Structures are given as C-alpha cells and as structure tokens.
1. Out of all the residues in the range 165-215, which are within 16 Å of the ligand (Cβ to nearest atom), out of contact with any Pro (no Cβ under 9 Å at 6 or more places or on another chain) and among the polar types (S, T, N, Q)?
2. Could you list all residues from the range 305-353 that are open to solvent by less than 10 Å² (accessible area, probe 1.4 Å) and within 29 Å of the chain's Cα centre (by Cα)?
3. Give me the residue from the range 89-111 that is basic (Lys, Arg) and open to solvent by 40 Å² or more (accessible area, probe 1.4 Å) and, out of that set, modelled with the highest pLDDT.
4. Go through the range 160-174 and report how many residues are part of a loop (DSSP other than H, G, I, E, B), touching a residue at least 12 places away in the same chain (Cβ under 8 Å) and loosely packed, with under 15 Cβ neighbours inside 10 Å.
5. Would a scan of the range 76-88 turn up a residue that is open to solvent by 40 Å² or more (accessible area, probe 1.4 Å), in contact with a helix residue (DSSP H, G or I) (Cβ under 6 Å, 6 or more places away or on another chain), among the acidic types (Asp, Glu) and more than 16 Å from the ligand (Cβ to nearest atom)?
6. Got a number for residues in the range 100-113 being over 31 Å from the mean Cα position of the chain (by Cα) and either within 18 Å of Val48 (Cβ to Cβ) or part of a helix (DSSP H, G or I) (or both)?
7. Across the range 4-21, what is the number of residues that are charged (D, E, K, R) and within 16 Å of the ligand (Cβ to nearest atom)?
Amino acid sequence: MKVCKFGGSSLADAGQLNKVIDIVLSDPARRIVVVSAPGKRSSGDTKVTDLLIALAETAIKGENTDLAFGAVVERYASMADELKLGPDIVNLISNDLKDRLAQVKTLAPAEFMDLLKASGEDNNAKLVAVAFQARGKKARYASPKDTGMILEGEFGDATLDPISYEKLSKAFSSFDGIVIYPGFFGYTKEGKVATFPRGGSDITGSILAAAVCADVYENFTDVDSVYPCDPRIVPEVKNGEGIATMTYREMRELAYAGFGVFADEAVIPAVRARIPINIRNTNHPNEPGTMIQQSRRVVPGTVVGVASADDFCNIVVEKYLMNREIGFGCRLLQVLEDEGISYEHMPSGVDSQCIVVKGKVLPKEKEIKVVQAIKRALKPDFIAVERDITILMVVGEGMCYTPGMLAKACLALASAGISMSMVNQGSSEVSFMLAIRRQDRDVAVKALYKAFFG
Ligand code: ASP
C-alpha cells in the first residue's frame, strides 16, 4: 500500500485536482491520500491557509468577517463549479466555516486560530472525496478525530501523541477503497483541534505511512526531483540530473542546511519506520522523482548534494592550556544549557573552542549575558562572537573512505578566492561542514557545484 500526500500547489485549482485524481487512479496501491489546503494558483495568489489566518484574526479583533469569509469559500466554490460537483459540498463547507467562526467567543485565541487553520485541509479533503466520487470511484473522507490522530503540546506547534499509531493502524485496517485524509491537524485528548507547524501535512502523511506500514510514502509536490544544490544560487542545476536516490542520513544533512523540499522533522515517523519516501511531481507524474531510503548503492568518491545555510554565529573561546583544564568543555556547554541555547557544531583547536549556534537563538541581549557567564565560569584569555556566518554542507555517503574529498572542496574554494573560518567533519564521513562569510556564499556554492558535479 502507498500513502500519497499532495501539497497545496497540487490542489490549487480544478485542473490540478484532476491531475491528482488521475495519479491516484493510475496505481491501485495508492490507497491513502493526504491532502493540504488549496495553495497558490499563481505567484501573486494567496494560500487558503493564509486566507484562514486572516479570517481568524479579523474575527478575534471583532471586526466584520464577510469579506475574508467569502474569499475562503470562493476558493472551494470555484473548484466545485469547474468540476461540476453540485452545490451540496460548497454549502457543507460554508456551513462548517460558519460553525467554526461562531466559536470565537468560547475558545482561547490560539485554539480558535487552529480550529480555523485546520478547516483548510479538512474541507479540502471532503471536496476531494466528492471529486473522486463524481468520477465514479469508491473514495471516502476520513476524519482525524474518528481515526485517532491525537496531538499534544502547543496549539499551532503540536506534536503526535504516540498512542495514535495503534488507533490509526486499527482504523485504517477497516477501510476499503481510497481514503482521503486531511493533513496538518489532529485533536487533543480533550477533543480540541490542534495543528502541526506550517507545512504540517507532510507530517500527517509521514505518520500515516508509519501507522499502516506503507510500502512507500509518496510526497507529491511541484519539482521533478531534489536538485543537488539550490537552483536559486546555481540555476543551471535544473539542466542536469536531479538526485535519484539518497539515504535518510543524506536527506537529514541536506535538509539541516536548508534544502527546502520538506522539513526533516516532518518525515521522522516514516524514517523511524524505515518507509521509503518518494518525492514526486504532480505535473510530471511519469518522472520517478527522488527516492529517500535507508541505504542505496553508493559510488565511492561522489557527493549527493551541496547545501548552504545563513545566519550562524560563532562563539570563540581561547585559553592557554585549555586542553589540560579538566571540565572546560563541560562548563562551557553548561553556560549554554543555562541560557536554553542548543549548539550546532563545535570545532576546536588545542587552546581554542568554537561553538557554532544559529543566529536566532543568540540575540544581542542574550549574547551579552552568555559572554559574561562564560567569562565568569572559565576566565578565558579571549572571547568573541562572530556573526553572519554561512555554513556549507557537502553531503554524500560516497565520501566514506575516499581520500581527497575535503581537499577537492578546499581547492575549489581557494581557487574562487574564498577563505574558510572553520571546518568540521564527523567520523560518519557522510558530510563535512565549511564555514565562510555570508557575502561569499553564492560564489562558494557555485564553485563546489562545479567541483563535484560540473
Ligand atoms: N496548509 C498548511 C500550510 O500552508 C499545511 C500544509 O500545507 O502542509 O502550512
């Protein structure tokens, strides 16, 4: 059985929805279809989720909601109209939204916001099910409440309660035909609607794939495959080959450094259950896409991708004979723990220790506190915080035991006149990290792309 998830761009209008139905019907194994809310139809358009956020904000402020309400319903109505689904489904959606809006006075703002946001996927799943039925196919909408998608944590940033797996697995074992399931939300134990973070339909798909032990989790989006580097920096990457297969580890490293196909946390359930993930294009369904799995055949000396991420900070601490001071590293990290800061990398020298953190976790006021605390705890000879650092990640299982991979990257950067401030490679050898200045990023990514793929 395959679980397929279709993102907002795949469901933005009637034409896209027809493509989705064709894709699902072309393979009888595609039995569970997770849908997002309708996305943008063109670059200037607004996603239904954003329309719903605006609607919720208007209602919370106590202002007139007619315009914002109409904008949401119109998105579904135009699809239903074009697909000739009849008035019932649009009335159902419109009444559902009215019922939700009426709860503005009884719910806390965060709860009300989630109730409205979730309606984007919920109503879309109902409409998609009706669209399948209109083509004479056996398809049904399934609700996260009835199937046991239990969430916990904060509204708008909820996580799965693991007891859900058993409930979901049981619920799905009793379904036949095609099941259309709304992504992005579930219910708290108290019965309140709660959403995952934005983009959370990927999480729903991944959870269902794990719950039903799917053969594959197909994630349909609008790219043919994952490219080996960011096409906004290296446009010609689109003319070359995309990544056919990569391992979970490679995906994690690339996603960490900004590969935007999906958030790496989103696929944790599928990864833990060892379900292969296939990224595919709704607009080119014959393309095989990128397969992400536990292991793959690796060509020694090759890399799978080059990623870059901006806005890192480096806390540099130097102290003569640091290496002999027992507990130095422990006390340094204790300062970060006390301030609730998680670190990303820790390259070191004999008498120097760098701690790389994300810029957003170290705003200026916190930086001052952290520096003072480190001075008190460790009495360093020197401490400084460098900002605006970009990290480059060169990723590939093929680097393992292959001499010269790092040398190749360093030579490419040196030839482009770029100096690196840090280098970090773990013993897994699946990636190495190079730190550079933000202003050198584009030239650096181009140089690395040319060196490894050019
Ligand atoms: N519709 C939600 C969003 O725009 C969730 C999703 O599409 O995955 O974030």
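The values are calculated or read from the model by the stated rules, or taken from the named source; none is laboratory data. Just so it is clear, the model here is predicted, and its values are computed rather than measured. Virtual Cβ from ideal backbone geometry, glycine too; neighbours counted across all protein chains shown. Quick note on the areas: whole protein, heavy atoms, side chains included, nothing else; ligands and nucleic acids left out. Shrake-Rupley method; radii C 1.70, N 1.55, O 1.52, S 1.80 Å.
1. Answer for the range 165-215, where residues must be within 16 Å of the ligand (Cβ to nearest atom), out of contact with any Pro (no Cβ under 9 Å at 6 or more places or on another chain) and among the polar types (S, T, N, Q): just Thr195.
2. Gly305, Val306, Ala307, Phe312, Cys313, Asn314, Ile315, Leu336
3. Lys98
4. Here the count works out to 1.
5. Yes, the range 76-88 contains at least one residue that is open to solvent by 40 Å² or more (accessible area, probe 1.4 Å), in contact with a helix residue (DSSP H, G or I) (Cβ under 6 Å, 6 or more places away or on another chain), among the acidic types (Asp, Glu) and more than 16 Å from the ligand (Cβ to nearest atom).
6. So the count comes out to 2.
7. Number of matching residues: 2.
This table checks each residue for (1) at negative phi; (2) β-branched (Val, Ile, Thr); (3) open to solvent by 70 Å² or more (accessible area, probe 1.4 Å).
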{"residue": "Gly8", "(1), (2), (3)": "yes, no, no"}
{"residue": "Gly15", "(1), (2), (3)": "yes, no, no"}
{"residue": "Lys19", "(1), (2), (3)": "yes, no, yes"}
{"residue": "Val24", "(1), (2), (3)": "yes, yes, no"}
{"residue": "Val35", "(1), (2), (3)": "yes, yes, no"}
{"residue": "Gly39", "(1), (2), (3)": "yes, no, no"}
{"residue": "Lys47", "(1), (2), (3)": "yes, no, yes"}
{"residue": "Ala59", "(1), (2), (3)": "yes, no, no"}
{"residue": "Leu67", "(1), (2), (3)": "yes, no, yes"}
